[in-house]
Amino acid sequence: MARKAAKEKKRRDRPPPALRELLRVPGGGPVDLSSYDSRAVPDGPRDKAAGLAATTLLAERLAGLQDRLYAASTAGDGRRLLLVLQGMDTSGKGGTVKHVIGHFNPAGCRIRAFKAPTAEERSHPFLWRVRLALPEAGEIGIFDRSHYEDVLVARVRELAPPGEVNRRYAQINRFEQSLAETGVTLVKVFLHIGYEEQRARLLARLDNPAKHWKFSPADIDDRALWPAYQEAYELALERCNTAATPWYVVPADRKWYRNWAISGLLLEHLEALDPAYPKAGFDVGEARDKLLSMP
């Protein structure tokens, strides 16, 4: 009976092994975001209480895998992981960093929130600043927005000629392929929030003086461009969705599900890497005996 209960607990604690397939954007055709339910709970915990508990249970395993990844890098393992977060305003990019990346040791993480490019950054090719922010061997990198802004905002706001924007998709694919070939595991997540849910979150910011700093009148202007942004995201998800660097769509209206799903995606990718602690480069027994013999 005890063994059965232990097996059942292990089954509950583990995210579905097919989570990467469940949330992955299918390849080979156009993407229609209206076909994705932003309030969906595709698999896993069915309510908030269960979701919060399940996410907490993943923390120790995620931290252990991060420790192994970093330790392996000290022996020459060049692998690293990069989580790319994209989504409309209020979709939860910052919340994901706070609640999901909080599982990890911050010393082994490299977090970069990409804002509008500076004058210096605009003087370089658009991928220049992204290369500078990449994680080192053994690290977990997190991009709050990313190089995709250059085919999203640039397209919607007409910040670059259409021909230039269209060329960037191929440049992004070559860039990401080169990362995959040099040991970077990319986990690209689109946080899919609904139109009405975004309104509610923006109103919550306006109604709370402690959150006014998170609001900008430009957020309303961007909301007016919702259809154009949805189209821009659909194009990015379609054109930059490759076998080596696929996109995942995570329903983001329910914050607890968003956090559980991204935690599960990270866990599955880290488990697939299966980093190992390096073997000692010295005689462990001899070192132990020497230590015990000292007064």
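The values are calculated or read from the model by the stated rules, or taken from the named source; none is laboratory data. Please read these numbers as outputs of a predicted model, since none were measured by experiment. Using ideal geometry, Cβ is built from the backbone for each residue, glycine included, and neighbour counts are taken over all protein chains shown. Note: areas computed on protein heavy atoms with side chains; ligands, DNA, RNA excluded. Shrake-Rupley method; radii C 1.70, N 1.55, O 1.52, S 1.80 Å.
Structure values in brief
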quantity: Candidates Val165, Val187, Val249: whichever shows maximal mean-square fluctuation once the chain is modelled as a Gaussian network with Cα springs under 10 Å; calculated: Val165
quantity: Violating pairs (Cα-Cα greater than 26 angstrom) within the set Lys115/Lys255; Lys98/Lys214; Lys188/Lys279; Lys48/Lys115; Lys93/Lys279; calculated: Lys188/Lys279; Lys48/Lys115; Lys93/Lys279
quantity: The range 162-290 - charge dipole about Cα centre, Lys and Arg +1 at Cβ, Asp and Glu -1, debye rounded to 20; calculated: 340
quantity: Solvent exposure of the chain as accessible area per residue, Å², 1.4 Å probe; calculated: 53
quantity: Order of exposure, largest accessible area first, which applies to Arg201, Arg174, Arg157 with probe 1.4 Å; calculated: Arg174, Arg157, Arg201
quantity: For the chain, built as a Gaussian network whose Cα springs stay under 10 Å, the top-fluctuating residue of Asp207, Asp222, Asp274; calculated: Asp207
quantity: Carbon and sulfur %, accessible surface of the range 73-156 computed with the full protein complex present, 1.4 Å; calculated: 52
quantity: Residue-wise HN-Hα coupling along the range 133-150, computed from phi with Karplus coefficients 6.51, -1.76, 1.60 (Hz; x: Gly, Pro); calculated: 9, 5, x, 7, 3, x, 9, 10, x, 9, 9, 8, 6, 6, 5, 6, 4, 7
quantity: Distance in nm between pseudo-label sites at His212 and Gln171 (7 Å out along the Cβ direction from Cα); calculated: 4.0
quantity: Per-residue HN-Hα couplings for the range 80-94 [Karplus 6.51, -1.76, 1.60; θ = phi - 60°; Hz; x = Gly/Pro]; calculated: 8, 10, 10, 9, 9, 10, 10, x, 5, 3, 6, 6, x, 5, x
quantity: Value of [θ]222 nm, deg cm²/dmol, for the chain, DSSP H segments ≥ 4, -39500 (n - 2.57) each, nearest 500; calculated: -15500 deg cm²/dmol
